Amino acid sequence: VAVQNFKMLMLTAPGERAMLPDFGVGLRNFLFEQKSPALENSLREKIDQQVSKYMPSVVVERVFFNDSESDRNRLNVVIFYSIPSIGLSSVLNV
């Protein structure tokens, strides 16, 4: 359940969830943005803010941006995270 909740937090766009208008990172909103250090910093900050507010039991270890080797216009976001209270370490690849 915690893994699914984390994934939903990353994929839900702000304003999409009823009664929680600021819930979600909204990774899909960044689909057509040009990759830049500013974009990466903005995404990291948004991820950290959302996790600390809505899932404080989750520790974001690292956010990694990986260019797709087969498609130069694609950006993969890889999030390494853990939930110490349940002994879970995992990776979300979006």
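Structural remarks
- Isotropic mean projected area of the C-alpha convex hull, the chain (nm²): 6.3
- Tilt relative to the chain, helix 37-54 - C-alpha long axis, 0 to 90 degrees, to 10: 10
- Per-residue 3J(HN,Hα) values for segment 4-13, derived from phi via the Karplus relation 6.51 cos²θ - 1.76 cosθ + 1.60 with θ = phi - 60°, read 5, 4, 5, 4, 5, 4, 6, 8, 6, 7 Hz in sequence order (x marks Gly and Pro).
- Backbone N under 12 Å from the residue 93 label point (7 Å along Cα→Cβ), restricted to segment 1-19: none
- Computed over neighbours whose Cβ is under 15 Å from that of residue 90, the net charge equals +1, Lys and Arg +1, Asp and Glu -1.
- Here the contact order of the chain, divided by its residue count and restricted to Cα pairs under 8 Å and six or more residues apart, works out to 17 percent.
All of the numbers you see were taken from the coordinates with simple rules; none came from a lab. Bear in mind the structure is a predicted one, so any value in this text is a computation, not a measurement. Quick reminder, even Gly has a Cβ in these numbers, built from the backbone with ideal geometry, and neighbours come from all protein chains shown.
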